Amino acid sequence: MSLQEILGSKIKRRTFLKIAGATGALAMVSAGCGQKRAEEEPPPAPQYSLEEGTWLPTGCEGCTSWCAKEVLVKDGRAVKIRPNALSKVHGDSGCPREHLGLQQVYDPDRIKVPMKRTNPKKGRYEDPGFVPISWDEAMGIFADKLIELQKNAEPHKFMVMRGRYTQNNQVLYDRFPKIMGSPNNISHSSICAEAEKFGPYYTEGYWNYRDYDLDNTKMVVLWGVDPISSNRQVSYYLKAWGDLLERAYVVTIDPRLSASASKSHAWLPVKPGEDGALALAMAHVILTEGLWSREFAGDFKDGKNRFVAGKTVKEEDFEETYTFGLVKWWNLEVKDRTPQWAAEKTGISAEKIINVAKRLGELGTHAIVWQGGGPNMQVRGGYSSMAIQALNGLVGSVDNVGGSIRGASVPSGNVPAPDDFMNELAKDGVRKQKIDQRGYKEFPALNAGRSGGGVVTNRVADAILAEDPYDIKVAFGYWNNFNFSCPEASRWDEAMAKIPFFVHAVTHASEMSIFADIVLPSTHHMFEQWGYMSQKGNTYTHAWLNQPVIDPVWDCKDPETEMVWLLAQKLAERGFTNLKDFCDAVKDPESGASAANEKEFALFCTKVRTRPMWDPAEYKAGDKFSGWEDFKTKGVWNSGEYPFKKLWGNFGTATKQFEFYSETLKNALTAHAEKHKTTVDDILATCKYQARGEKAFIPHYEEPYIWGNESEYPLVMVDHKSRFNREGRSANAPWYYDLKDADPGDEKWDDVARINPRDAALLGVRNGDRIRLVSPVGSLVCTAKLWEGTPPGTVGKTFGQGHWAYGRVAAKDFKKREARGGNNNDVLPADYERLSGSTAFYAVTRVRVEKA
Amino acid sequence: MPNYAMVIDLHRCTGCGACVIGCKIENNTPEGIFWAHFVHETVGHFPDVRYTYVPTLCNHCVNAPCVEVCPVNPKAMYKADNGLTLHSTERCIGCRLCEKACPYGVISYNEEEPHRFWRDDTALISGGTATPKEVAERVGGTVLPYYNRDREATYKGIRPKNVVEKCTMCDHRIARGVDTYCNTVCPSKARFFGDLDDSDSEVSKLLRSHSSFRLKEETGTEPRVYYIRKYNPS
């Protein structure tokens, strides 16, 4: 039933809006609620109780909001989920995704027991012939393979891959590979958002996501981010949004009508890849109109604004306070980036650009420019990330009340360092080049200023296939599914088929598991295991415990600690005792004992890691607890209040200032170029950037780099996340599909590509047609949806469906490997924002539409 | 007796769907059946286009067409003293007249044994993965592994085949002084339940301070679900 139908034929839309905007008189008449009703005795409450059982604290990693939760447990069964209201980040506000956890933990397609492969041939359409085995046998086989690497003196040919994790991952992800002698701990981070951190780092020295002071802001510019739907602190934003809209002017810049765009005062549908142009033009307006923050960025010595379009300014005429290189940036770039110039690039009129920029400048220090991955996880997105973050610098809202701020550090302990448990082979092994080619000339991956400092996750498939830097013989992956979640996913099918021995620790038999030799059933992080996680939001940082609130439904174990302990025993039986020695060195902070079994090991690791939060003797900051039991019962630690402006003059950059001309980036790029005995210009060219010379060190305009020519592939693919994704792990939950149309433009129990009706008419595509999206690297089949929220020239599609494994709901036919819907990663090319190592998901390819 | 109503603040609503999933958990509703739901609409042409979302549920109408047409005596679909429109699974004969009479499409009929998904007893990987039935039995659920027993207090925990079912405004919860579950789980704090005859109730206050509208007012059903403010701020 449509909204029009349900609202009634007589109430047309305009009437509906008029009624909704009318005065209260109408309601009072119809509701008859003006009188205080006579006092009566309330009827006696019926004799039954509700929500019997116990609410037990834990937390949710269904997205990167990482919220503290409580689970209602009755007779060992999880029945309901709610937010842990003790969190100062989200308080008593939850989200729709938390509830999907119930259909995850009780998913019938979870793996019950360890399994081994009986068909040695590996491929998408090969039946692995999985048969159940014991934990003992599984860990014995795994240990044999690792011992073999030791014997052959090639321990570096072992690789650990991580998807989602808890902060207990220090054991599995760091200590374990090091003790085994491998440099290869490969995280998913660069398919998550590394490019989003690039701008903040090379302007203000912060390689991280930002927090925002919504309570005190007057304007929010959401840039390629959808906070009431996905990404960080969704629960808090869901609660805060209504009040925010009353207090602040909210603008969404996004090449699709997102959930947040529909709840914003204005939507600027920027052309894909032109975010940098828009940001630079906004900077141009702020400077020419004289609206920058004098307090933060300084002023002309005589107070007269000399920022005039097209005209250079003498550096000595301007005195900066907490910034560096403003005039250089103006002269090199911003002076020419007029709103008229940007209008042609972005599709946003000069008038709108000027209006938004002026408003931003006028509201100044209480304005937030908030970027997600959209404008920067593009092949040439690194400098857009800088340009957008630079706007916060211009208006002085960085680290300021009502502005773009940071999180607090979480007091954490460490398990013993690996060094004492590493043999000579291991010490040599960990010094080898990592498998992901980070630091290669074409992959600077300048995490926190270091060449090769960050991961290049999606490159691993190519590296394995090319055996460059070497071949991988044994691999362990947990909570990851790169064969689904990485662009050009089919390369991972080839790569994983090539690895001789692969162990996958997961809750579900996923696309990646189909290539496994051993599949290990993992606990569900929210219900069945120990761990802890931290996150920021609402100007606070919290840290909460994952707790085993129910017994594992099946014979599942926690990969991060329990599996390591079990493996250590098997390795020791075979004469390699180093990992067991390490495990034994992890002592319970209370009793001093070593773990007698894997469950104790998980608990002790958690207590060690969180000790500075719960042990009064080690107290550092934030909430205080009387001890472990107190912390365990409350389940969440909160930081103290945010100290505004403490970073001013002490940013983590080379100059300590907020850099519009990034000496920090200059150092990093120069060091990378010197490492490869070449020039910065050559590095930029190698990394597909157009800029040469000084522009390499400032936020500047780059033309979008989009695969496929316009004549053959007329539409730009706009990929984005579903509000029900739980990071791609909820695709087997029936509720996911029952609610799918709560993603604006999507349909229940279907996977649609959204096309503007004008384009559809030109293409001869009708609503509901089965279509194939074809890009230069692949294709997917889905359903056409004609939707006005999709700008002409683009096709919008939610990521999340298209599984050919993962379960009976996620896959249309699990046994035949038939997908339900289409995986966006089948059309996205494996390309990168190379300076950060980030995978490019946005403005990265064009597609054409064919009838399927 | 109280005169119960719900007020939904569309300005605060974020269209997230938590109320819909929460309702499914509280009331053990089968796939495809929604007591709490939503309608959405995209109007205009790019770039002047709006997406609007309106949460829906049984309107517990004062003049409830579903009650009027119920042919059973005493009626299976009936008005309770507190203004709620309630349903008796025992008395229901499955004629579906109420479903047809409802102008809002919020009454659902169980054409088959509910929760076919969870009654299935096949495994994807023999010996390696479970079956739906096996999970529910192993953890002690009733058909559903996450089955909510609270629902049994005033209605069948899972309604049988060949009867209708609908929102009861969580009558089992409000009788104990606890808010409806759709309201409880609403992260945006956009939903309010209370007594219209109590001028101090939140719903009365909201209806005094805001203009409101109800769905299909022209049908004369006098819904007890009111909407205030607008979903789109622009």
Can you find, among A:Ala259, A:Leu566, A:Gly140, the residue farthest towards the positive end of the dipole of chain A? Put +1 on the C-beta of Lys and Arg, -1 on that of Asp and Glu.
-> A:Ala259
In nm, to one decimal, how far is the A:Leu465 label point from the B:Arg119 one, both placed 7 Å along Cα→Cβ?
-> 4.8 nm
Taking the Cα-to-Cβ direction at A:Asn709 and at A:Glu442 and moving 7 Å from each Cα, how far apart do the two end points lie in nm?
-> 2.2 nm
Whichever lysines have a C-alpha closer than 21 Å to that of B:Lys79, once near sequence neighbours (fewer than 8 apart) are set aside | B:Lys100, B:Lys156, B:Lys166, B:Lys216
Here the residues of the range A:639-665 lying in the modelled label zone of A:Glu316, meaning backbone nitrogen under 16 Å from a point 7 Å along Cα-to-Cβ, are none
In Å³ and rounded to a whole number, note down the convex hull volume per residue for the Cα atoms of the range A:408-492.
-> 170 Å³
Point-to-point label distance, B:Asp200-A:Thr577, nm (Cα→Cβ direction, 7 Å offset) | 7.4 nm
Which value results for Rg/Rh of the protein assembly as shown when Rg is the Cα radius of gyration and Rh the Kirkwood radius based on the inverse mean 1/r?
-> 0.96
So, over other residues within a Cβ distance under 9 Å of A:Lys116, counting Lys, Arg +1 and Asp, Glu -1, the net charge is -1
For the range A:619-680, which trypsin sites (Lys or Arg not before Pro) are both in a DSSP coil and crowded by at most 10 other Cβ atoms within 10 Å?
-> A:Lys620, A:Lys646, A:Lys677
Listed peptides B:76-89, B:47-60 by packing density, highest first (mean Cβ within 10 Å) | B:47-60, B:76-89
As computed over the range A:657-805, the Cα convex hull volume per residue (Å³) | 186 Å³
Delta accessible area of at least 40 Å² on complex formation, residues of the range A:59-97, 1.4 Å probe, chain isolated as reference = A:Arg77, A:Val79, A:Lys80, A:Pro96
At 4 °C in a medium of viscosity 1.567 mPa s, the range B:146-234 has a Stokes-Einstein diffusion coefficient, with Rh taken as the Kirkwood radius over alpha carbon pairs, in µm² per second, of 83 µm²/s
For the pair A and B, the solvent-accessible area buried on both sides (1.4 Å probe; DNA, RNA and ligands excluded), in Å² to the nearest hundred, is 8800 Å²
The cysteines in chain B that find no other cysteine Cβ closer than 4.7 Å to their own Cβ are B:Cys13, B:Cys16, B:Cys23, B:Cys61, B:Cys70, B:Cys92, B:Cys95, B:Cys102, B:Cys170, B:Cys186
Taking the alpha-carbon centre of each part, the distance from the range A:296-322 to the range B:1-69 in Å is 55 Å
Round to a whole angstrom and tell me the spacing of the C-alpha centers of the range B:137-164 and the range A:70-149.
-> 26 Å
If r is the Cβ-Cβ distance from A:Ala617 to A:Ala593 and R0 is 25 Å, what FRET efficiency results, to the nearest 0.05?
-> 0.85
Shielding score for B:180-191, defined as the mean number of other chain Cβ atoms within 10 Å | 5
In a solvent-free Debye calculation with one equal scatterer on each Cα, what is log10 I(q)/I(0) for the range A:339-474 at q = 0.15 Å⁻¹, listed in the order of the q values?
-> -0.97
For the protein assembly as shown: accessible area per residue (Å², 1.4 Å) | 32 Å²
Determine, at each q value in 0.15, 0.16 (inverse angstroms), the log₁₀ of I(q)/I(0) that the Debye formula gives when each Cα of the range A:68-207 is one equal point scatterer.
-> -1.19, -1.23
One quarter of the C-alpha convex hull surface, i.e. the mean projected area of the range A:752-852 in nm², amounts to 7.2 nm²
Just tell me how shielded B:224-232 is by partners: mean number of partner chain Cβ atoms within 10 Å of each residue's Cβ, no decimals.
-> 3
Once every Cα of the range A:810-852 carries one equal point scatterer and solvent is ignored, give the base-10 log of I(q)/I(0) from the Debye formula at q = 0.18, 0.20, 0.24, 0.27 Å⁻¹, two decimals.
-> -0.71, -0.78, -0.88, -0.95
When you count, for each residue, the other Cβ atoms within 10 Å and take the mean per peptide, how do A:60-70, A:743-753 rank with the highest first?
-> A:60-70, A:743-753
Calculate the translational D of the range A:189-342 in whole µm² s⁻¹ from Stokes-Einstein, where the hydrodynamic radius comes from the Kirkwood formula applied to all Cα pairs, the temperature is 4 °C and the viscosity 1.567 mPa s.
-> 74 µm²/s
Counting other Cβ atoms within 10 Å of each Cβ, which GluC sites (Glu not before Pro) in the range A:194-295 have at most 15 and sit in a DSSP loop?
-> A:Glu289
So what's the net charge close to A:Arg247: Lys and Arg +1, Asp and Glu -1, counting the other residues with Cβ under 13 Å from its Cβ?
-> -3
Chain A, accessible surface, carbon-and-sulfur percent (1.4 angstrom probe) = 48 percent
Hey, could you get me the Stokes-Einstein D for the range A:215-274, Kirkwood radius over alpha-carbon pairs, 10 °C and 1.306 mPa s, rounded to whole µm² s⁻¹?
-> 137 µm²/s
antiparallel share of DSSP beta bridges within chain A, to nearest 5, in %, is 55 percent
The range A:410-472 and the range B:187-234 have their Cα centres apart by a whole-number Å value of 58 Å
For the range B:64-149, give the magnitude of the charge dipole about the Cα centre (Cβ charges: +1 Lys/Arg, -1 Asp/Glu; no others), in debye to the nearest 20.
-> 200 debye
For B:Thr180, what is the net charge nearby, where nearby means another residue's Cβ is under 10 Å from its Cβ and Lys, Arg count +1, Asp, Glu -1?
-> -1
Out of every Cα pair in the range B:4-228, what percent are spaced more than 21 Å from each other?
-> 59 percent
Please give the average number of partner chain Cβ atoms lying within 10 Å of the Cβ of each residue in B:5-15, rounded to a whole number.
-> 5
Using the per-residue mean of other Cβ atoms lying within 10 Å as a proxy for protection, in what order, highest first, do the peptides B:156-164, A:555-563 fall?
-> A:555-563, B:156-164
About its Cα centre, what dipole magnitude does the range A:607-716 give when the only charges are +1 on Lys and Arg Cβ and -1 on Asp and Glu Cβ, stated in debye to the nearest 20?
-> 640 debye
Given unit charges at Cβ for Lys, Arg (+) and Asp, Glu (-), the dipole magnitude of the protein assembly as shown about its Cα centre in debye, nearest 20, is 1360 debye
In a Gaussian network model of chain B with springs linking alpha carbons closer than 10 Å, the residue among B:Asp171, B:Asp179, B:Asp121 that fluctuates most is B:Asp121
For the range B:4-228, the accessible surface attributable to carbon and sulfur atoms (probe 1.4 angstrom, ligands and nucleic acids excluded) amounts in percent to 47 percent
In nm, what is the difference between 0.36 nm times the number of residues separating A:His676 and A:Tyr48 and their Cα-Cα distance?
-> 218.7 nm
For the range A:495-560 the mean separation of alpha carbon contacts under 8 Å (6+ apart) over residue count, i.e. relative contact order in percent, is 28 percent
Please work out how much length the chain gains when fully extended from B:Glu222 to B:Arg91, using 0.36 nm per residue of separation minus the C-alpha to C-alpha distance, in nm with one decimal.
-> 44.6 nm
Which Cα, out of B:Val54, B:Phe213, B:Asn162, lies furthest along the positive dipole direction of the range B:4-228 (beta carbon charges, K/R +1, D/E -1)?
-> B:Asn162
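The values are calculated or read from the model by the stated rules, or taken from the named source; none is laboratory data. Values in this document were obtained by computation on a predicted structure and should not be read as measured data. Positions of Cβ are backbone-derived with ideal geometry, glycine not excepted, and every protein chain shown enters the neighbour counts. Side chains are part of the model used for accessible areas, which takes the heavy atoms of the whole protein and leaves out ligands, DNA and RNA. Shrake-Rupley method; radii C 1.70, N 1.55, O 1.52, S 1.80 Å.
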